[in-house]
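Taken together, the values in this text are just the output of simple stated rules run on the coordinates, not laboratory data. Source: prediction; values computed, not measured. Glycine gets a Cβ as well: all are built from the backbone with ideal geometry, and neighbour counts include every protein chain shown.
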Amino acid sequence: MEYKRRDVQKAIILALRNLGGSASRNDIKKEIADSEIDGLNYDKVYFRKKTKKGSYSPFLFDFNFGLKNLQTVGYVEPLQRGQDVMLTDIGRSTDISNYPNDEQTQAITAYWDKKNALRYEKYKAVNCNNKLNT
């Protein structure tokens with residue numbers, strides 16, 4: 001079994017709706033797997049890829065990016081470590097058959113572009129300082 005990376009935002013919304021609009025990250029993953037939302041079964045959600053240094057869950061990359069994207073477009077409340085994920089009114093009631101639409105895709109892309117630009121500036125600043133100190 002191999003997990004193929006994919007967008008899981010709709011699955012997260014549907015799982016949260018099934019769970020009453022608020023749940024822990026673990027409960028959301030369990031609901032996605034138990035209900036096989038969007039074709040994601042237990043094997044795909046909990047698959048661990050072996051590496052030289054151990055293993056990791058590829059699904060978690062998609063899950064965590066999905067949560068951040070849903071926050072960016074206002075479908076979930078701002079995420080807080082260790083706290084339940086909560087749908088906003090938009091996340092509870094909006095038709096998601098065309099999610100993400102062009103406007104949402106632009107907002108998500110703008111968020112990640114800004115984040116990457118800030119990360120690059122920080123990287124440049126650290127490397128510049130390291131060169132000055134040598």
Students often get this wrong, so try it: which of [x] 2, 9, 16, 14, 10, 7, 7, 9, 10, 8, 6, 3, 0; [y] 2, 10, 17, 19, 16, 14, 9, 6, 4, 2, 1, 0; [z] 2, 11, 23, 26, 22, 11, 3, 1, 0, 0 is P(r) over Cα pairs in 5 Å bins from 0, in percent as calculated from the structure shown? [y]
On a 0 to 90° scale, report how tilted helix 102-132 is relative to the longest principal axis of the chain, with both axes built from alpha carbons and the result rounded to the nearest 10. 30
Using alpha-carbon coordinates, inclination of helix 25-35 to the longest axis of the chain, degrees: 40
Can you tell which of Asn41, Tyr3, Leu16 lies farthest toward the positive end of the dipole of the chain, using +1 and -1 charges on the Cβ of basic and acidic side chains (Lys, Arg; Asp, Glu)? Tyr3
Gained length - Ser55 relative to Cys128, 0.36 nm times residue gap less alpha-carbon distance: 22.8 nm
Cα-centre dipole for segment 65-134 with unit charges at Cβ (Lys and Arg positive, Asp and Glu negative), debye to 20: 640
Picking from Asn69, Gly82, Pro58, whose Cα lies most toward the positive end of the charge dipole for segment 40-86 (charges on Cβ: Lys, Arg +1; Asp, Glu -1)? Pro58
Helix-only estimate, please: 222 nm mean residue ellipticity of the chain, summing -39500 (n - 2.57) across DSSP H runs of length 4 or more and dividing by its residues, to the nearest 500. -18000 deg cm²/dmol
So which of Lys29/Lys49; Lys30/Lys122; Lys4/Lys52; Lys29/Lys122; Lys29/Lys114; Lys10/Lys50 end up more than 25 Å apart by C-alpha? Lys30/Lys122; Lys29/Lys122; Lys29/Lys114; Lys10/Lys50
Any idea what angle helix 9-18 forms with the longest principal axis of the chain, computed on alpha-carbon atoms, 0 to 90 degrees, nearest 10? 40
